[in-house]
Amino acid sequence: MPELPEVETVRQGLEEALLGLNIRYAEKRRSDLRFPIPENLNKQLQGRKISSLRRRAKYLLIDLDNGWTLLSHLGMSGRWTILRDDLITRPGRFAHGGEIGSGEGPHDWIIINFENGYTAVYSDPRRFGFIDLIEPGFEDDHPMLAKLGPDPLPSTLTPDILNRSLIGRKTPLKSALLDQRIVAGLGNIYVCEALSRARLSPRRRAGTISSIKGPTERIHRLVSSIHQVMVEAIDAGGSTLRDYRGVDGDNALGYFPLSFQVYGREGEKCLNRDCKGTVSRYIQSGRSTYACSSCQR
């Protein structure tokens, strides 16, 4: 599933291609994805201008000049494709591989045509993503957004915030960090990597690194590691090594996997300084966890 860095990379690509464009019309090729597609999709989009493109956690928000917002979640296999005369590409170098959506593909569900000739296509073979419309003033009440915690970025996640959220929690630290109500946008890959850099065990009880007296040294270390991992991953274009393309048509890969310290490195040497341990893999809540038991405590 796309995590925050991949979705942010998509957002940047869409912004470069679509910001300020006027929508000619929108077409939906089926009535539902994960949830029903709004019946009034074309009515609310037709004739409107794209005023901004934002992201909250793993959600894309495309703001219109009438105050409405198009909400998009990529699910497991969703992607946005931009079509235009001089370029057929996928924004943000993130597309889950396969052939590029042409607007006529078997999994091309939403087609948005713009007055300048561009076309934005939302494709989703597995249909775990969704598209929704948010009325002006109701964004914070949307069921997918209302309970989200802060993004794991320097501007939004602070030691004080994380410390307060973890006090008294008995769940494993990794599980707590994957809880979108605590930190929004973190996924399995980046939690493993952040815990490795912070030298904290994914199995440790979350509440043991917090304190009612204020942020502990472990909290400061973890927040710093989360920030580092997320900023580096966004700069690298994400972590999926499948077929990537940029808005300018390049074939650059999302290369953050080159920086992995633990993820996918079972049996290999731990890369933390002064550690002679090896990376192990085990299952937590149905997901693979990668960690070094020697230095992550």
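The values are calculated or read from the model by the stated rules, or taken from the named source; none is laboratory data. Here the structure is a predicted model, which is why all the values come from computation and not from measurement. Backbone-built Cβ (ideal geometry, glycine too); neighbour counts: all protein chains shown.
Restricting to the range 135-178, and then to whatever is of a type in the set (Val, Ile, Thr) and in a loop (DSSP other than H, G, I, E, B), can you tell me which residue is nearest to residue 287 (Cα to Cα)? The extreme case among them is 171. Once the range 180-198 is narrowed to residues that are crowded, with 19+ Cβ neighbours inside 10 Å and charged (D, E, K, R), the residue that is farthest from residue 285 (Cα to Cα) is 197.
Take the residues in the range 56-77 that are in a loop (DSSP other than H, G, I, E, B) and in contact with a helix residue (DSSP H, G or I) (Cβ under 8 Å, 6 or more places away or on another chain); name whichever of them is surrounded by the fewest Cβ atoms within 10 Å (Cβ to Cβ). The qualifying residue surrounded by the fewest Cβ atoms within 10 Å (Cβ to Cβ) is 66.
Looking at the structure I just gave you, is residue 77 polar (S, T, N, Q), more than 22 Å from residue 117 (Cβ to Cβ), modelled with pLDDT under 95 and not assigned by TED's automatic domain parsing to the domain that holds residue 188? Answer is yes for this residue. Return yes or no: is residue 117 surrounded by fewer than 18 Cβ atoms within 10 Å (Cβ to Cβ), free of Cβ contacts under 8 Å to residues at least 60 places away in the same chain and not assigned by TED's automatic domain parsing to the domain that holds residue 233? Considered against the rule, which asks whether it is surrounded by fewer than 18 Cβ atoms within 10 Å (Cβ to Cβ), free of Cβ contacts under 8 Å to residues at least 60 places away in the same chain and not assigned by TED's automatic domain parsing to the domain that holds residue 233, residue 117 comes out as yes.
With respect to being closer than 14 Å to residue 130 by Cβ, modelled with pLDDT of 95 or more and not in a loop (DSSP other than H, G, I, E, B), residue 53 falls outside the description. Pairing each residue of the range 206-230 that is closer than 30 Å to residue 7 by Cα with any residue that is surrounded by 15 or more Cβ atoms within 10 Å (Cβ to Cβ) and aromatic (Phe, Trp, Tyr), provided the two are 6+ apart or on different chains, yields C-beta distances under 8 Å for 226/190; 229/190; 230/190.
Checking each residue in the range 15-47 for being free of Cβ contacts under 8 Å to residues at least 24 places away in the same chain, in a loop (DSSP other than H, G, I, E, B) and under 16 Å from residue 124 (Cβ atoms) picks out only 31.
Under 6 Å between Cβ atoms, at least 6 apart or on separate chains: pull out the pairs that start in the range 66-79 with a residue that is over 20 Å from residue 185 (Cα atoms) and end on any residue that is part of a loop (DSSP other than H, G, I, E, B) and modelled with pLDDT of 95 or more. Cβ pairs passing all conditions: 66/48; 67/136.
Residues in the range 189-208 that are in a helix (DSSP H, G or I) and within 24 Å of the chain's Cα centre (by Cα): 189, 190, 191, 192, 193, 194, 195, 196, 197, 198, 206. Looking only at residues in the range 214-269 that are of a type in the set (Gly, Ala, Ser), crowded, with 16+ Cβ neighbours inside 10 Å and part of a loop (DSSP other than H, G, I, E, B), the one that is modelled with the lowest pLDDT is 246. Would you check if there is a residue in the range 166-175 being crowded, with 20+ Cβ neighbours inside 10 Å, farther than 27 Å from residue 259 by Cα, free of Cβ contacts under 8 Å to residues at least 60 places away in the same chain and of a type in the set (A, V, I, L, M, F, W, C)? Yes, the conditions are met somewhere in the range 166-175.
Once the range 148-159 is narrowed to residues that are within 20 Å of residue 204 (Cβ to Cβ) and surrounded by fewer than 23 Cβ atoms within 10 Å (Cβ to Cβ), the residue that is farthest from the chain's Cα centre (by Cα) is 159.
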